[in-house]
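Working notes, beginning with the structure itself.
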Amino acid sequence: MGGLFGVFSNSDCIEDLFYGTDYHSHLGTRRGGLTVKNFGGFQRYIKDITTTQFRSKFEDDIKKMHGNKGIGVISDYDDQPLIISSRLGVFAIATVGRINNLEKLAKEALKNGSHFSEMHGGEINPTEMVATIISQGSTYEEGIQKVLDMIDGSCTMLILTDEGIYAVRDKLGRTPLIIGEKLGSYAVAMETCAFPNIEYKITKYLGPGEVIFISEKGLEQRIAPGDRMQICAFLWVYYGYPASNYEGINVEVVRYKCGSYLAKKDDVEIDLVAGIPDSGTPHGLGYSSEAKIPFSRPFVKYTPTWPRSFMPQDQSIRELVAKMKLIPIKELIDGKRLLFCEDSIVRGTQLRDTIQRLYNSGAKEVHMRPACPPLIYSCKFLNFSRSRSELDLAGRWGIRELIGKDIDDPAEYIDPESDNYKAMVDVIRKRLQLTTLKYQKLEDLVKAIGLPKEKLCTYCWDGVE
Ligand code: SF4
């Protein structure tokens, strides 16, 4: 997906920028980038973080950087931040989102005399497309509003100029953006887990489409938020970091509640509750505490060398990594009836192997309780590395196995009370060799988050846009 972090300070900002950006590392696997503005101009470093973590890659570079304002990015896709020379002046820009109409926008821009230089795999770099549209405005605000209006998909961004930083949240707020403050400095983050250890306190959650300019004058609202919000509900289920808050709602707390709602509707007899590490763990703790059944860790993660939550792009390496980093503990598995909570079942490929390893270690029964409903639709608003093809999603292969073909409109498999839904879930259960499989109901997931349903994007599960 990608993460953004920026700092405006009345002193050097490099240390805060470095650690704040690093706290977004769970959101991307490919590129890391830092740009600062100082008296000499813009100073920028972009590094490949596919095999080495952001912090080790940038440790030497930050010694050469200085400046009182800067932006950082962790990208799952293109090289960023870009530095653009435009009629508005020189600016650096970093974006997170997805542009579905990139080709159409590029054609229009080329027709109007624009050119593109930062190609990504033979395609136009989406961040450069955004920068091109901004440059067409007579002011930054006008250019930013054009981007928000023209893009089909989503775009949250940071723009670093001579004077300060524009913090721009996506028009429908699919991704969050939050401002923190400490004496003499402001920071802007997608993940508020970046704030406590560098001593920022949350000052403001940007609304959907809101634009705040951070400069020596402080915070100025340049574009007011819109009425409609569609923040990604999956942030709370899986993508977000446990110590982060969006819309004032903490991720870890929502995950406990998810587990608790699963337990309230369950009557299965088991010996132990567990979570698939790491993100399944809080859901499992919530279940265990509600059901008053002990929580245990039949799988532990080998964190010294497998610390990252995201997986490599290559499927076979991904499977190997998934296997190697989870170590089973036979004493907690042998002869036991185990219930596992999991954030979600995306394709189920790795999960099937994980479950088989439990049986190999002597598990008597394995029950699974995903914290969200079956995934039926793949995300078309954000770039995620997890759900590449819609037809690979567990819900979709469940339907395919059930009726022998793919269908264009899977809407009749969404209602958990319907026979179609129950049959689809049973196919998934059998393929994964689970004793029982019960998914969270969407209404309970929404209750666990605590925002009204109409403010959340739940498209993955119900296809509602
Ligand atoms: S479709 Fe799913 S992953 Fe994408 S924004 Fe909506 S809830 Fe999030």
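Suppose we keep only residues that are open to solvent by 40 Å² or more (accessible area, probe 1.4 Å) and within 21 Å of residue 283 (Cα to Cα) within the stretch 364-411. Which one would you say is nearest to the ligand (Cβ to nearest atom)? This residue is 386.
Filtered by the rule that a residue be modelled with pLDDT of 95 or more and in a loop (DSSP other than H, G, I, E, B), the stretch 39-65 gives a lone residue, 65. Annotation: of all residues in the stretch 149-158 being out of contact with any helix residue (DSSP H, G or I) (no Cβ under 7 Å at 6 or more places or on another chain) and open to solvent by less than 10 Å² (accessible area, probe 1.4 Å), the one that is farthest from the ligand (Cβ to nearest atom) is 158. Listed by position, the strands (runs of 3 or more DSSP E) enclosed by the stretch 191-265 that each have at least 2 residues that are among the charged types (D, E, K, R) and surrounded by fewer than 19 Cβ atoms within 10 Å (Cβ to Cβ) are 201-205, 218-223. Residue count for the stretch 8-48 satisfying the condition of being among the β-branched types (Val, Ile, Thr) and either free of Cβ contacts under 8 Å to residues at least 12 places away in the same chain or more than 24 Å from residue 154 (Cβ to Cβ) (or both): 2. Of the residues screened, residue 35 is not one that is within 23 Å of residue 91 (Cβ to Cβ) and assigned to a helix (DSSP H, G or I). For the stretch 409-465, residues that are more than 20 Å from the chain's Cα centre (by Cα), without any contact (Cβ under 8 Å) to a residue 40 or more places away in the chain and outside any helix (DSSP H, G or I) total 5.
Looking at the structure I just gave you, is residue 163 of a type in the set (Asp, Glu) and either within 16 Å of the ligand (Cβ to nearest atom) or part of a strand (DSSP E or B) (or both)? When the stated conditions are applied, residue 163 does not pass them.
Taken over the stretch 171-190, the criterion of being more than 16 Å from the ligand (Cβ to nearest atom), among the aliphatic types (A, V, I, L, M) and either under 20 Å from the mean Cα position of the chain (by Cα) or crowded, with 21+ Cβ neighbours inside 10 Å (or both) is satisfied by 178, 179, 187, 188, 189. Residues in the stretch 218-237 that are over 17 Å from residue 13 (Cβ atoms) and away from the ligand (no atom under 16 Å from the Cβ): 220, 221, 222, 223, 224, 225, 226, 227. Picking from residues in the stretch 438-465 that are acidic (Asp, Glu) and over 13 Å from residue 373 (Cβ atoms), the one that is farthest from the ligand (Cβ to nearest atom) is 454. Take the conditions (1) touching a Lys or Arg at 6+ places or on another chain (Cβ under 7 Å); (2) away from the ligand (no atom under 16 Å from the Cβ); (3) over 18 Å from residue 186 (Cα atoms); residue 208 misses just one of them, which is (2).
Filtering the stretch 108-116 for residues that are touching a residue at least 60 places away in the same chain (Cβ under 8 Å) and surrounded by 17 or more Cβ atoms within 10 Å (Cβ to Cβ) leaves an empty set. Here is the figure for the stretch 53-87: residues that are open to solvent by 10 Å² or more (accessible area, probe 1.4 Å) and touching a residue at least 60 places away in the same chain (Cβ under 8 Å) total 5.
The values are calculated or read from the model by the stated rules, or taken from the named source; none is laboratory data. Note that this is a predicted model, so its numbers are computed, not measured. Neighbour counts are summed over all protein chains in view; Cβ atoms, including those assigned to glycine, are modelled from backbone coordinates with ideal geometry. Accessible surface is based on the protein model in full, side chains and every heavy atom, while ligands, DNA and RNA are left aside. Shrake-Rupley method; radii C 1.70, N 1.55, O 1.52, S 1.80 Å.
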